[in-house]
Every structure is written in C-alpha cells, then in structure tokens.
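As structure tokens, the structure follows; a few thoughts come after it.
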C-alpha cells in the first residue's frame with residue numbers, strides 16, 4: 001500500500017497516477033476542510049497540460065483565463081502575449097478538485113489527520129496510531145516532518161504577503177485577461193483575476209524594506225502603491241482586507257539521500273520563488289514521477 005503524506009497538488013497527482021495503475025494509495029491530509037494557500041494561484045500553460053493529464057479542467061472549475069503578462073516598473077510598462085493560455089485559480093478550489101479526482105480514481109483520502117513523525121517505514125499520527133508502508137511519498141510542502149527533515153536552508157531575508165479582493169467589475173475590467181507584475185525597490189507584487197470574479201494580489205519583499213515600511217502588511221502595501229502608480233490605479237479604490245503572510249521560505253534544492261522507499265515530491269524536493277510561476281507545475285510533475 002503506497003502511503004502519501006500531504007494532499008496538495010503533488011500528493012494528489014501521485015495518488016491519481018498510482019490509483020490508475022491499479023495500486024491502492026492512501027492519502028493522509030492534515031486539513032479537514034479545503035484551505036486557500038498563499039502561493040500557487042497562477043497556473044502556467046505547462047501546468048494546464050499536467051492538470052489535463054490528471055483529469056482536472058481548471059476552466060470548468062471557474063478559473064479565469066490568462067493570455068497576457070504586463071510588467072510595470074515606476075511609469076514604464078511592457079505588455080506581452082503568453083506562449084499559450086494560462087489561468088488564475090485559487091488553491092482552495094484546485095486542491096479540492098485534485099483530491100476528489102484522486103478519490104474517484106480509487107485512492108483512499110483521509111482528511112483531518114496529522115502526522116507527527118516518520119521512523120523508517122512507520123508513520124506516527126497525532127492520535128498515537130502508526131501506519132506502515134513499504135513506499136512512502138512525502139508531499140508536505142514547505143513543512144518538515146520529524147524524522148524526515150531536510151538539509152537546513154540558508155536564510156533568505158524576505159516575506160511573502162497575500163490579499164484577496166472580492167468580485168469587482170472595475171478591477172476585472174482593468175486586469176482583463178492579464179497577469180500583472182508591479183516591480184518596486186527590493187520587491188514585487190503580482191496581481192490577477194481568479195474564479196468568481198475575485199482578484200489575488202501576492203507580494204514578495206525584503207524583510208528590511210518591510211521593517212522600514214512599518215512592519216505591517218497594510219503599511220507595506222501602501223508603500224508599494226506609492227512606488228507603483230499602476231498598482232495604485234488598480235486597487236486604490238478597492239476594499240483591502242486582511243493579509244496572509246509567510247516568512248523563512250526554504251528556497252532552493254533541499255532534497256537529500258533518503259532511505260529506500262521514501263520519495264519527496266513538490267516543495268519537499270525544492271522551492272522556487274513564486275515569481276517563476278511554476279510551483280504547481282513542479283508539484284504535479286514530481287508527484288507523477290514518484291508514482
């Protein structure tokens with residue numbers, strides 16, 4: 001019985017492929033309900049193809065089509081057409097669709113189950129019970145599990161912030177079918193539409209700049225808007241809610257030689273900056289490869 005720890009895109013992709021091949025994979029996912037993760041809201045054309053292989057159609061889930069990229073720096077702007085269609089979709093909706101597809105393919109999905117430690121081929125759960133598996137796929141994202149920690153990463157002094165804007169006809173008209181990157185001193189903000197007319201704004205910035213701005217997400221956003229006139233023009237009149245934040249992201253290749261039968265996938269292998277736009281694609285690719 002292959003055991004998969006983590007029900008994000010990497011874990012679900014592995015489960016789908018294993019189930020289709022006639023195996024009986026079990027997916028253990030710590031969240032009881034779908035969660036909207038901070039990263040991964042942009043689906044590149046490569047990711048769209050991989051999702052099709054998994055039997056998931058982002059557009060049928062309400063994903064917003066993306067055909068163009070606009071890059072802003074101060075008052076300058078570059079507008080270019082993407083090589084192939086991409087899309088904007090929240091991780092909440094994407095992850096749920098992938099887990100459902102895994103279950104439909106024949107995988108057993110256990111939600112609301114936390115893993116406390118991995119010892120050889122044994123997985124110790126929060127309730128004290130132990131699962132044993134000859135083949136273990138570790139798909140816990142950026143989070144390490146006791147007994148299977150990765151090589152420590154060099155600290156990268158940056159912070160990630162995210163805001164989600166409710167449906168807005170004016171914002172939808174401004175963004176249309178584009179993803180936008182707004183560059184400012186030692187950081188950038190990415191803005192795009194997602195399902196249901198909502199918009200997603202993600203920001204990455206050096207911690208020193210975040211501190212100078214006042215060390216709060218709203219103060220940092222205000223500073224970015226002052227440096228980026230186009231960003232201010234996009235969201236200046238919108239209601240700005242609470243931000244999600246993440247720091248100490250373990251960027252880089254962090255996989256190591258593991259015990260036989262342990263396979264790391266997705267961010268467990270390595271983490272790329274969100275600017276690259278291929279985090280979900282790498283998760284799907286490595287999940288399929290491990291299977």
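The values are calculated or read from the model by the stated rules, or taken from the named source; none is laboratory data. Keep in mind that this is a model prediction, so the values were computed, not measured. Using ideal geometry, Cβ is built from the backbone for each residue, glycine included, and neighbour counts are taken over all protein chains shown.
Data overview
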{"read-out": "Conditions (1) more than 19 Å from the chain's Cα centre (by Cα); (2) surrounded by 19 or more Cβ atoms within 10 Å (Cβ to Cβ); number of the one not met by residue 283", "value": "(1)"}
{"read-out": "Within region 198-225, considering residues that are closer than 23 Å to residue 176 by Cα and free of Cβ contacts under 8 Å to residues at least 40 places away in the same chain, the one farthest from the chain's Cα centre (by Cα)", "value": "225"}
{"read-out": "Residue ID - surrounded by the fewest Cβ atoms within 10 Å (Cβ to Cβ), chosen from residues in region 24-36 that are over 19 Å from residue 145 (Cα atoms) and modelled with pLDDT of 95 or more", "value": "24"}
{"read-out": "Top-ranked residue of region 270-288 - restricted to ones that are touching a strand residue (DSSP E or B) at 6+ places or on another chain (Cβ under 9 Å) and in a helix (DSSP H, G or I), ranked as nearest to residue 249 (Cα to Cα)", "value": "274"}
{"read-out": "Residues of region 105-134 classified as assigned to a loop (DSSP other than H, G, I, E, B), in contact with a strand residue (DSSP E or B) (Cβ under 7 Å, 6 or more places away or on another chain), at pLDDT 90 or above and under 18 Å from residue 25 (Cβ atoms), total", "value": "2"}
{"read-out": "Unique match (being more than 19 Å from residue 40 (Cβ to Cβ), buried (at least 18 other Cβ atoms within 10 Å of the Cβ) and in contact with a strand residue (DSSP E or B) (Cβ under 6 Å, 6 or more places away or on another chain)) among 224, 213, 189", "value": "224"}
{"read-out": "In region 195-241, the residues that are closer than 20 Å to residue 167 by Cα, touching a helix residue (DSSP H, G or I) at 6+ places or on another chain (Cβ under 8 Å) and in a loop (DSSP other than H, G, I, E, B)", "value": "236, 237, 238, 240"}
{"read-out": "Matching entry among 102, 69, 78 (being under 21 Å from the mean Cα position of the chain (by Cα) and either outside any helix (DSSP H, G or I) or over 18 Å from residue 266 (Cβ atoms) (or both))", "value": "69"}
{"read-out": "Any chance residue 245 is closer than 30 Å to residue 135 by Cα, in contact with a strand residue (DSSP E or B) (Cβ under 6 Å, 6 or more places away or on another chain), touching a residue at least 12 places away in the same chain (Cβ under 8 Å) and not in a helix (DSSP H, G or I)", "value": "no"}
{"read-out": "Identity of the residue in region 142-160, farther than 25 Å from residue 5 by Cα and part of a loop (DSSP other than H, G, I, E, B), that ends up modelled with the lowest pLDDT", "value": "155"}
{"read-out": "Which listed residue is farther than 19 Å from residue 272 by Cβ and surrounded by fewer than 23 Cβ atoms within 10 Å (Cβ to Cβ), from 15, 21, 69, 63", "value": "21"}
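Yes/no per residue for (1) surrounded by 21 or more Cβ atoms within 10 Å (Cβ to Cβ); (2) within 29 Å of residue 217 (Cβ to Cβ); (3) not assigned by TED's automatic domain parsing to the domain that holds residue 203:
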{"site": "94", "(1), (2), (3)": "yes, yes, yes"}
{"site": "103", "(1), (2), (3)": "no, no, yes"}
{"site": "110", "(1), (2), (3)": "no, no, yes"}
{"site": "120", "(1), (2), (3)": "no, no, yes"}
{"site": "125", "(1), (2), (3)": "no, no, yes"}
{"site": "143", "(1), (2), (3)": "no, yes, yes"}
{"site": "168", "(1), (2), (3)": "no, yes, no"}
{"site": "178", "(1), (2), (3)": "no, yes, no"}
